[in-house]
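Notes for the one structure printed next.
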Amino acid sequence: MMIKIDAIVREEKFEDVKQALNEIGVNGITVSQVMGCGIQRGYKEIVRGMQVDMQMQPKLKFEIVVSSEEWEKKTVDAIRKSAYTGEVGDGKIFTYEVRSVLKIRTEETGYDAIQTTE
């Protein structure tokens, strides 16, 4: 079983999370800049002298596919520890079962497609 992990974290935690994943040997990471809001519901900002509610917060989204439940636990733990500040807005981690994967260049599928052998 392959598992996809999506982690939404604070932008300033990028290097910490990247380093934590590198230290446990996670490869194949996709990172995107995203916007969103959770319980903190954004913040207020002064724009051209007027107070404006800023509902969406800039965040980073890490997307990782791992090959087992053991790797899922190790990866989630590494992200959780490295992204933690204890403040509202630390983020969320989601995990999903992956039905299939195909490496386009080699046409490898499943476990072989997510391993880095080069």
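Quick notes on this structure:
- Only protein atoms count toward the accessible area here, which uses a 1.4 Å probe; on the chain, the carbon and sulfur part of that area reaches 50 percent.
- Amide H partners (placed H, <5 Å) of MET2, local residues excluded: VAL98
- 15 Å Cα-Cα reach of LYS4 towards aspartates and glutamates, excluding residues that sit fewer than 8 places from it in its own chain: GLU63, GLU69, GLU70, GLU72, ASP77, GLU97
- 0 to 90° range, to nearest 10: angle between helix 69-83 axis and the chain longest Cα axis: 30 degrees
- Cross-link check: pairs LYS61/LYS92; LYS74/LYS103; LYS59/LYS103; LYS73/LYS103 evaluated at a Cα-Cα cut-off of 20 Å; pairs beyond the cut-off: LYS74/LYS103; LYS59/LYS103; LYS73/LYS103.
- Its Cα gyration tensor gives the chain an equivalent ellipsoid; the semi-axes, largest first and in whole Å, are 33, 15, 12.
- Principal-axis tilt of helix 14-23 within the chain, Cα atoms, nearest 10 degrees: 20 degrees
- Using the Cβ-Cβ distance between SER68 and VAL34 with R0 set to 25 Å, the FRET efficiency works out to roughly 0.40.
- Summary of the geometry: the range 1-35 and the range 65-118, compared by the centres of their Cα atoms, lie 8 Å apart.
The values are calculated or read from the model by the stated rules, or taken from the named source; none is laboratory data. The model shown is predicted, which means the values in this text are computed figures rather than measured ones. Here the Cβ is made from the backbone with ideal geometry for all residues, glycine too, and neighbour counts use every protein chain on show. Ligands, DNA and RNA are stripped out before the accessible areas are found, and what is left, the full protein with its side chains, is counted by its heavy atoms. Shrake-Rupley method; radii C 1.70, N 1.55, O 1.52, S 1.80 Å.
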